[in-house]
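The values are calculated or read from the model by the stated rules, or taken from the named source; none is laboratory data. From a predicted model like this one, the values you see are computed outputs, not experimental measurements. Using ideal geometry, Cβ is built from the backbone for each residue, glycine included, and neighbour counts are taken over all protein chains shown.
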Amino acid sequence: MPYRIATSSVVGVIVLAVIGAFMGPQWDPVPLNDPLVVASSSTAVTYAPLAQTYPVRESVVTVQLDGTTIEARITEPVGASGPLPAVVFVHGAGTGEYSRAFKAQASALAASGVVTMVPNKRLDTYSARHRDYVQMAADYAASVQTLRHWPGVAPTKVGVYSESEGAWIAPVMAADDPGLAFVVFASAPVVPPRQQAAFAMDSYLRATGVPNTVFRAIPRAVGMSLPGGGFEYFDFDVAPYQRRMHQPVFVAYGAHDASMPMVQGAEQIIRDLAIAGNGQYQVRYYAGADHGLKVDGEVSPDFLRDLSGWIRGLPATAQSVPQIAGATPHQTYWAAPSPMPRWLGDGDAVLAVVAGAVGLLVLGPLVGLGVTGWRRVRGRPVRHRLAPGVAGRLGWIGGLSVATVGGLVWYLVAVARLALDYERNSVIVQGGWVGVRLLGIAAVVACVRLLDLERHPRHDGPGVATGVWGHVVVWSVLAGALVLLVVTAYWGVFQLGI
């Protein structure tokens, strides 16, 4: 019997692997074989004025938005002769509080003679499910108007500094406000959020050495419409706005930022600006810098020097040469549109399928118990029974299949959070995946053992159950477990390189 169960279990795992491979898209990113060539290893900006250092002072102001107000921190140089250039900071993903965001950048720029403004991000219209980048651009535009009227600021020299997610917002501002003086892109994703999410997850998983079986989940997760709706911003395309930008643009990437398509992003910005007839761009790659342009936890001093010189030297520095400089950028794969799922692409449908399967796991036993109890109360013989030991086996089947689904959800959420926070944890990424797969295999073995008992009853016994309702209990649990195992197979739990 052990040999029979082992063989049947292997066959069951292989069948699930084939089903999982057939049901959805594979992940096969296209290599990027045309790297962007930097003209110089030096990131220095030509035509930049000599650096000066001023003491700074900070003020907190209130900015009126449509329907609410926010606070913003203004940092300005003391003793600098005006009118001065100024910059509004546009936050990346997250809460975006001025008390914590952009402190090094704002202070360094202010000390060099640039007035800076870091507003709080508006959060009443911002969530993981709903984000409107066009509306967010209008909110940040209110901060630009406030800074234009700040004493000592030259209204025609106010620009924006956008980081990460903010680089989907700044082009909208620049396209709608031709008077904006300049735009800074720091760690700009450029491609639509859905493509960026797939690219970042792929890069992160490769960097952590995650098993290849996990990669199948990328297009199936990224391409799925998430339960409950929303997330329309996943398909936001910033290119039409970049093609209307006429301002000088400074593009900066950390050379060690694997989460951004740093070659593709810079090339697309250059192409989009060319459509607008705009050749005023500078692209800089900073050696050893990460997504936040930090080296060893501190914002790159070369970046701060270059950024300050570029802003203070405009419009002359808009013609700085070479236009592309710094460390050699590396991007292994294209951030291409993710293939869409053929099956289980609707998040609400996935939830309905899982809920239905769990219902079968629970409903069958409840109905069986109800029928048995009713017959006993009415004094009738109970002809619907489970064979000895079957109830325990059903419990294991239900528990292991539900645990596999739960473990898979936990794993995908945990990995996604790590990826979004640019963190590494081999225990979760590698050990967690092994644990999920072992749960799935154990569930298959539990199902096989029960089916083997049905085909080969012990001592000419009744198999797994007697009576209609006894079989209803058994087969409803098996059906529910099978559905759950197929769902987990879809996400790659049983993948065997197929």
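Within the stretch 182-212, the only residue that satisfies the criterion of being surrounded by fewer than 22 Cβ atoms within 10 Å (Cβ to Cβ), among the hydrophobic types (A, V, I, L, M, F, W, C) and assigned to a loop (DSSP other than H, G, I, E, B) is Val210. For Val115, are the conditions met, namely being closer than 29 Å to Asp237 by Cβ, buried (at least 20 other Cβ atoms within 10 Å of the Cβ) and at pLDDT 95 or above? The answer is no for Val115. Mind listing whichever residues of the stretch 144-171 are assigned to a helix (DSSP H, G or I) and either surrounded by fewer than 24 Cβ atoms within 10 Å (Cβ to Cβ) or over 28 Å from the mean Cα position of the chain (by Cα) (or both)? Val144, Gln145, Thr146, Leu147, Arg148, Ser164, Glu165 - these are the residues of the stretch 144-171 that are assigned to a helix (DSSP H, G or I) and either surrounded by fewer than 24 Cβ atoms within 10 Å (Cβ to Cβ) or over 28 Å from the mean Cα position of the chain (by Cα) (or both).
Going by what's in this entry, would Ala80 be described as assigned to a loop (DSSP other than H, G, I, E, B), over 33 Å from the mean Cα position of the chain (by Cα) and not assigned by TED's automatic domain parsing to the domain that holds Pro151? I'd like the intermediate steps shown before the answer.
Numbers: assigned to a loop (DSSP other than H, G, I, E, B): yes; over 33 Å from the mean Cα position of the chain (by Cα): yes; not assigned by TED's automatic domain parsing to the domain that holds Pro151: no.
Taking the combined requirement at face value, the residue does not satisfy it.
Highlighted here would be helices (runs of 4 or more DSSP H) found entirely within the stretch 213-280 that include at least 1 residues which are aromatic (Phe, Trp, Tyr) and at pLDDT below 95, but there are none.
Here Gln135 passes the criteria (1) part of a loop (DSSP other than H, G, I, E, B); (2) surrounded by fewer than 18 Cβ atoms within 10 Å (Cβ to Cβ) except the one numbered (1).
In the stretch 92-110, the residue that is farthest from Val61 (Cα to Cα) out of those that are of a type in the set (S, T, N, Q) and assigned to a loop (DSSP other than H, G, I, E, B) is Thr95.
Take Trp433 and decide whether it is buried (at least 20 other Cβ atoms within 10 Å of the Cβ) and at pLDDT 85 or above. Answer is yes for this residue. With the structure loaded, tell me whether Gln280 is without any contact (Cβ under 8 Å) to a residue 60 or more places away in the chain and either crowded, with 22+ Cβ neighbours inside 10 Å or of a type in the set (S, T, N, Q) (or both) or whether it fails that test. Yes, satisfied.
Within the set Gly12, Gly20, the sole residue that is crowded, with 19+ Cβ neighbours inside 10 Å, farther than 24 Å from Ser162 by Cα, in contact (Cβ under 8 Å) with a residue 60 or more places away in the chain and in contact with a Gly (Cβ under 8 Å, 6 or more places away or on another chain) turns out to be Gly20.
All of Val61, Val38 fail the test of being assigned to a strand (DSSP E or B) and either touching a helix residue (DSSP H, G or I) at 6+ places or on another chain (Cβ under 8 Å) or in contact (Cβ under 8 Å) with a residue 60 or more places away in the chain (or both), apart from Val61.
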